[in-house]
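Before any comments, here is the structure.
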Amino acid sequence: MFQIVELEDVIRIPPNKFGKPLDEIALEILKARYESTISPELGYVILVKDVSVGSVGKILPGDAGTYHKVKFSILSFYPKIQEVVEGEIVEITDFGAFVRVGPVDALLHLSQITDDFLTSDVKQGMILASKSKRTLRIGSKVRVRITAVSLGRGTAIGKIGVTSRQPFLGALEWIEEDLKKASKVVEVEKKEK
């Protein structure tokens, strides 16, 4: 889930930045500190915005820089277990597919795609179901449920696991087919009554 989070912090303005607008310097420092990082509390931090800097700073003995309180907002992506998300297949491997979900790729393991027997063809960039003949290809749009989330710290890559082995999950064209079948069954049941 994407979210905007309000934060407060203290930043150090180095002496070589004195004379420049505080908001610009603070934004530069906060972007370097927060953007493109991962934390268990915030998730994947994408963007820092709306910076407000206290105009009065503190000077510490032995340090030529000034320390200022800042309030700012971040845009982050925090994946939640059981959340249903849509994404695009970006890579096919021998063991499954990677789905781009927000700013990160989640693993859709072969065992989590469907109940059918699957074969993975990495060279062709596709996964084929033997009975239903349904396929997943690079570029396929899918709806999946998040089943596992492991967020590291700093710039370490987090891991997300997803499944499509539930009704109305999987490739969007599969879902449309299932909805058409379900509506036909409902129509037949109405006629029988």
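We did not get these values from a lab; they are worked out from the coordinates using the rules stated. Everything numeric here is computed off the predicted structure, so don't read it as measured data. Cβ: placed from backbone, ideal geometry, glycine included. Neighbour counts: every protein chain shown.
Descriptive notes on the structure:
- Crossing angle, helix 22-34 versus the chain [Cα axis fit, 0-90 degrees, rounded to tens]: 50
- Candidate cross-link partners of K131 among the lysines, defined by an alpha-carbon separation under 24 Å and a same-chain spacing of 8 or more, comprise K123, K141, K180, K181, K184.
- The local environment of V99, defined by Cβ-Cβ distances under 15 Å, has a net charge of +2 under the rule Lys, Arg +1 and Asp, Glu -1.
- Estimated FRET transfer efficiency (I4, V122; beta-carbon r; R0 22 Å; 0.05): 0.05
- Among (1) 127; (2) 164; (3) 103, the entry that matches volume of the Cα convex hull per residue in Å³ as calculated here: (2)
- Ranked by the mean number of other Cβ atoms within 10 Å of their residues, highest first, the peptides 132-142, 61-71, 180-190 come out as 132-142, 61-71, 180-190.
- Within a straight-line Cα-Cα reach of under 19 Å, K49 can be paired with the following lysines, leaving aside sequence neighbours fewer than 8 residues apart in one chain: K20, K31, K69, K71.
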